[in-house]
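Take a look at the structure below.
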Amino acid sequence: MTNIPEWFEGEVYAEGSLVENPFSGECCELNNVEVSIYDFIMGANLFAETYAEGPVRDKIYSDMRKGLDWFRQNNPEAYMVLLD
């Protein structure tokens, strides 16, 4: 199991799953922590682009960047397929 980063305050799923890049169709098998952080990144991006403004948007993007950096360090192959 991958360690949960201290900054992550989201839900940690009990199980991993297969995740598909919606643009390329490529897939990666992610463990429970990776899927949790992937979903956080995707949700934060959608929320920031759709609803958030000003300092709230800045905070969301800062947290999202932590998730992207975490992914780049902990699973660079999945990062390249799913998030790059």
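Taking the conditions (1) farther than 20 Å from residue 80 by Cα; (2) assigned to a helix (DSSP H, G or I) in turn, residue 38 satisfies each one other than (1). Scanning the range 11-32 for residues that are part of a helix (DSSP H, G or I), touching a helix residue (DSSP H, G or I) at 6+ places or on another chain (Cβ under 8 Å) and of a type outside the set (Gly, Ala, Ser) turns up nothing.
Taking into account only those residues within the range 42-69 that are among the hydroxyl-bearing types (Ser, Thr, Tyr) and either outside any helix (DSSP H, G or I) or over 19 Å from residue 84 (Cβ atoms) (or both), which is modelled with the lowest pLDDT?
51
With respect to the conditions (1) farther than 17 Å from residue 60 by Cα; (2) at pLDDT 95 or above; (3) polar (S, T, N, Q), residue 36 lacks only one, and its number is (1). Here the condition is being in contact with an Asp or Glu (Cβ under 9 Å, 6 or more places away or on another chain) and either under 13 Å from residue 8 (Cβ atoms) or among the aromatic types (Phe, Trp, Tyr) (or both); of 40, 23, it holds for 40 alone.
Within the range 10-24, being loosely packed, with under 10 Cβ neighbours inside 10 Å and not hydrophobic (A, V, I, L, M, F, W, C) holds for 11, 15, 22, 24. Which residue is surrounded by the most Cβ atoms within 10 Å (Cβ to Cβ), if the candidates are limited to the range 38-77 and must be touching a residue at least 40 places away in the same chain (Cβ under 8 Å) and out of contact with any strand residue (DSSP E or B) (no Cβ under 8 Å at 6 or more places or on another chain)? Looking at residues that are touching a residue at least 40 places away in the same chain (Cβ under 8 Å) and out of contact with any strand residue (DSSP E or B) (no Cβ under 8 Å at 6 or more places or on another chain), I get 67.
The values are calculated or read from the model by the stated rules, or taken from the named source; none is laboratory data. Bear in mind the structure is a predicted one, so any value in this text is a computation, not a measurement. Reconstructed Cβ throughout: ideal geometry from the backbone, glycine too, with neighbour counts over all protein chains shown.
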